[in-house]
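Heads up: the structure comes next, in structure tokens.
What follows draws every value from the coordinates through simple rules; no lab data is involved. What you are looking at is a predicted structure, and each value in this text was computed from that prediction instead of being measured. With ideal geometry, Cβ positions are generated from the backbone for all residues, glycine too; neighbour counts draw on all protein chains shown.
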Amino acid sequence: MGERIKTALEKALERVAGIEISPVEIDRENFRATGKSLAGRFFSERNFDLEAALADYTGEVRAQVVDGILESLIGNLHPPANEAVEETNRRAMDGILLLKEDRDTVRRIFSEMEYLFDYYRQAVKQAQLSLREAFQRRAAETQRMIEQQMGVRVQVNPETSPEFREEWLRALHRIDVQYEEFMNEHKARLAAVG
């Protein structure tokens, strides 16, 4: 009964106690984290000069900072579900183009991504239209029943129903999952470009 229950932190520390990480690896991860931080500023500060910020770094350190920035920029590319995501995509693309040397290949991948974004928007629009039509048919039936029972003219908006919202979110999720898979292929290609 004298045994004390260990906390999750204590258990985690026991597991990693035997792992040794070289100072070089620690530095590399710190520089990559610095790069991710710079990418965050690039997204949030409209006038942030990424090239000027990188001027503080040279050689291998600069390469590691750039790796962190690119990881963050590429990771922030997503199907354009709304204007905010579209703006984030544009900003990420600007930063990637600024940092990659093979700009022609990057532009070609971006062009393919723009086509993908167009198809995504069309798929979303079509799914919304189909769902709206299906719910309008159901709403018309409901409206007729209510009018018959109450003897009063009523207006039923199917898009305000919780069921419509629920179905819409499910449909949007299915589309997002499908397009994220395509996006991941493009992201991998971007990461591989020199």
Which of the lysines could a cross-linker bridge to Lys100, judged by Cα under 27 Å and excluding same-chain residues fewer than eight apart? Lys36, Lys187
Of Leu13, Asn30, Ser111, which is farthest along the charge dipole of the range 1-160 in the positive direction, counting Lys and Arg as +1 and Asp and Glu as -1 at C-beta? Ser111
Suppose R0 equals 35 Å. What FRET efficiency, 1/(1 + (r/R0)^6) with r the Cβ-Cβ distance, do Ser111 and Arg137 give to the nearest 0.05? 0.30
Once you sort the root eigenvalues of the Cα gyration tensor of the range 1-46 as a ≥ b ≥ c, which label holds: rounded (a/c under 1.5), prolate (a/b larger than b/c) or oblate (the other case)? oblate
Residue separation between Ser37 and His173 times 0.36 nm, minus their alpha-carbon distance, gives in nm 46.0 nm
Here the net charge surrounding Arg170, from other residues whose Cβ is less than 13 Å away from its Cβ (Lys, Arg +1; Asp, Glu -1), is -2
Points 7 angstrom from Cα along the Cβ direction at Leu97 and Arg46: gap in nanometres? 1.9 nm
Estimated dipole of the range 1-75 in Debye, rounded to 20 [Cβ of Lys and Arg +1, of Asp and Glu -1, Cα centre]: 320 debye
Candidate values (i) 9, 35, 36, 15, 3, 1, 0; (ii) 8, 23, 20, 18, 15, 10, 5, 1, 0; (iii) 8, 37, 40, 14, 1, label of the one derived for P(r) over Cα pairs in 10 Å bins from 0, in percent: (ii)
Zero-based 10 Å bins, Cα pair distances in the range 42-147, whole percents: 12, 32, 23, 13, 9, 7, 3, 1
Decide, for the range 21-64, between rounded, prolate and oblate: order the square roots of the alpha carbon gyration tensor eigenvalues as a ≥ b ≥ c, take rounded if a/c falls under 1.5, and otherwise choose prolate if a/b is larger than b/c, else oblate. oblate
Gyration tensor (alpha-carbon) shape descriptor, the range 1-87, a/c threshold 1.5: oblate
Under 11 Å from the 7 Å Cα→Cβ point of His186, by amide nitrogen: which residues of the range 97-115? 108-115
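Between Glu163 and Ser22, what length in nm is gained on full extension when 0.36 nm per residue of separation is reduced by their alpha carbon distance? Mind showing how you got there, number by number?
On the way: separation 141, 0.36 × 141 = 50.76 nm, distance 5.49 nm.
Length gained between Glu163 and Ser22: 45.3 nm.
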